[in-house]
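The values are calculated or read from the model by the stated rules, or taken from the named source; none is laboratory data. Since the structure is predicted, the reported quantities are computational estimates derived from the model, not experimental observations. Every residue, glycine as well, gets a Cβ built from its backbone with ideal geometry; the counts of neighbours run over all protein chains shown.
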Amino acid sequence: MNKRLRELQARKAKAVAAARAITDKATSEDRDLNEAETAEFAAATAAIRSADAAIDRERELAAAEASVGAVIAPDALITGGEDRAALDGKRGFKTFGEFAQSVKHASIDRNFADQRLAAAPTTYGNEAAGVDGGYAVPPEFAREIYTLSLGEDSLIPYTDETSVQGNSMVFPKDETTPWGTDGVRAYWQVEASAATQTKPKLSTTTLRLHKLMALVPLTDELLADTSALESYLPGKVADSIRWKANEAILWGLGNGTPLGVFNSNAVVSVAKDGSQTGKTVTIGNVTNMIARLPPGSFSRAVWLLNNDVLPSLFQMTLGNYPIYLPISAGAQGTPYGTLLGRPILVSQHAKTVGTVGDIMLADLSYYRTITKSGGMETATSMHLYFDADATAFRTTFRLDGQSKISAAITPANGSNNLSPFVTVAVRS
């Protein structure tokens with residue numbers, strides 16, 4: 001899936017979520033849509049149809065581009081001085097399995113190396129010989145792994161992501177508020193009096209890419225079965241990278257990894273209910289969590305919770321109405337339904353029930369990530385596991401991230417600080 005198609009699908013998902021929120025609100029209040037909601041629903045469905053049309057066009061164009069690349073024969077990769085293989089994301093290979101078998105044969109005897117193979121970048125000896133430095137996996141196959149790594153439980157799409165060409169990026173930062181005492185401020189102007197001047201209070205944040213690597217040795221037996229290889233390797237590598245990236249975004253320590261959301265100083269933790277028993281989550285917990293979000297965050301926030309929290313959700317009601325809508329109750333947009341109208345992501349990154357981090361409410365647009373332009377780099381070589389008759393596949397993904405704010409937000413009125421990242425205190 002190319003970047004443009006992902007953007008279109010994200011646009012469609014946003015419109016679907018908006019339409020679902022409108023109907024869920026009316027359903028929870030046991031009424032039909034009012035005039036304003038009808039207009040909003042019509043606008044959302046129009047946006048869905050527009051996105052569908054754009055997605056169909058993009059898929060048709062991508063299929064056409066793929067068919068053009070597929071007809072490039074190995075003996076016609078260079079014509080008139082033009083490197084036509086560079087135009088084909090698969091570099092002339094039909095499948096990943098075909099590429100892997102070519103690597104295996106080339107590793108045995110470099111004199112019979114497939115001309116479609118390209119040496120992988122390396123800082124070690126004999127860079128000119130692909131068999132020593134490894135072979136670069138064609139970008140189309142690397143993109144497949146990257147796309148799989150951004151599956152439905154990936155947190156990267158929820159963050160403010162920037163793709164960078166280099167290894168770092170500097171971002172300006174302004175943490176002042178309109179009601180604060182510094183930064184850009186507005187004043188009522190008295191006639192014929194001098195204006196009060198203010199200036200921005202800017203600082204910078206530097207993010208530097210950290211390397212996440214998956215190194216997978218494959219036996220000759222698996223390499224011989226191209227269909228098994230196709231279904232096994234991309235998915236396993238993507239699962240591992242997605243898990244590690246999610247763990248870093250939530251709990252990274254910031255030392256050679258991203259600084260995780262819930263290890264930042266911006267997190268707030270709400271107290272447990274006065275009479276609350278251990279290992280439970282109550283309606284008081286979740287409503288207090290929502291009350292600590294800054295203005296505008298609720299429409300973007302998601303619940304992240306451990307499986308053990310789910311039984312508590314089924315018992316929650318607000319008056320005569322349930323506040324948890326499982327998938328069967330009309331929350332088809334998310335696999336685990338919604339809680340007070342926001343989607344639920346059940347995750348093993350969440351802690352065990354009763355401890356801090358068992359249920360989290362996060363607006364990840366307040367979390368900034370950078371990734372290496374191009375997604376992932378993948379290479380392969382037989383030499384690392386030569387004595388075991390195995391070929392090593394190495395995939396690297398570069399990522400960094402941290403919260404956009406360094407501390408919780410002091411409200412204009414009220415005594416409780418606000419944050420886009422909210423947890424519940426220990427309930428033991």
Subset of segment 260-279 (residues that are of a type in the set (S, T, N, Q), touching a residue at least 12 places away in the same chain (Cβ under 8 Å) and over 25 Å from Pro420 (Cβ atoms)): Thr277
Residue that is modelled with the lowest pLDDT, among those in segment 236-270 that are among the hydrophobic types (A, V, I, L, M, F, W, C) and out of contact with any helix residue (DSSP H, G or I) (no Cβ under 8 Å at 6 or more places or on another chain): Trp243
Any hit, segment 362-372, residues being closer than 30 Å to Asn417 by Cβ and over 21 Å from the mean Cα position of the chain (by Cα): no
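For every residue, the table says whether it meets (1) in a helix (DSSP H, G or I); (2) buried (at least 17 other Cβ atoms within 10 Å of the Cβ); (3) modelled with pLDDT under 65.
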{"site": "Ala42", "(1), (2), (3)": "yes, no, no"}
{"site": "Ala46", "(1), (2), (3)": "yes, no, no"}
{"site": "Asp52", "(1), (2), (3)": "yes, no, no"}
{"site": "Arg57", "(1), (2), (3)": "yes, no, no"}
{"site": "Leu61", "(1), (2), (3)": "yes, no, no"}
{"site": "Val68", "(1), (2), (3)": "yes, no, yes"}
{"site": "Ala85", "(1), (2), (3)": "yes, yes, yes"}
{"site": "Phe93", "(1), (2), (3)": "no, yes, no"}
{"site": "Phe99", "(1), (2), (3)": "yes, yes, no"}
Residue among Ile370, Ile405 that is in a loop (DSSP other than H, G, I, E, B) and touching an Asp or Glu at 6+ places or on another chain (Cβ under 8 Å): Ile405
Subset of segment 270-287 [of a type outside the set (D, E, K, R), buried (at least 20 other Cβ atoms within 10 Å of the Cβ) and over 18 Å from Leu310 (Cβ atoms)]: Val270
Breaking point among (1) more than 17 Å from the chain's Cα centre (by Cα); (2) surrounded by 18 or more Cβ atoms within 10 Å (Cβ to Cβ); (3) at pLDDT 80 or above, for Thr181: (2)
Per-region count, segment 352-374, residues over 27 Å from Asp24 (Cα atoms) and surrounded by fewer than 21 Cβ atoms within 10 Å (Cβ to Cβ): 9
Scope segment 288-299; condition on the phi < 0 side of the Ramachandran plot and either among the hydrophobic types (A, V, I, L, M, F, W, C) or surrounded by fewer than 17 Cβ atoms within 10 Å (Cβ to Cβ) (or both); matching residues: Met289, Ile290, Ala291, Leu293, Pro295, Phe298, Ser299
So Asp387, is it outside the structural domain of Leu313 (by TED's automatic domain parsing), out of contact with any helix residue (DSSP H, G or I) (no Cβ under 8 Å at 6 or more places or on another chain) and modelled with pLDDT of 95 or more: no
Any hit, segment 27-46, residues being basic (Lys, Arg) and either assigned by TED's automatic domain parsing to the domain that holds Val302 or touching a residue at least 24 places away in the same chain (Cβ under 8 Å) (or both): no
First in segment 302-316 and buried (at least 21 other Cβ atoms within 10 Å of the Cβ), second anywhere and assigned to a loop (DSSP other than H, G, I, E, B) and among the hydroxyl-bearing types (Ser, Thr, Tyr), Cβ under 6 Å, 6 or more apart: Leu304/Ser347
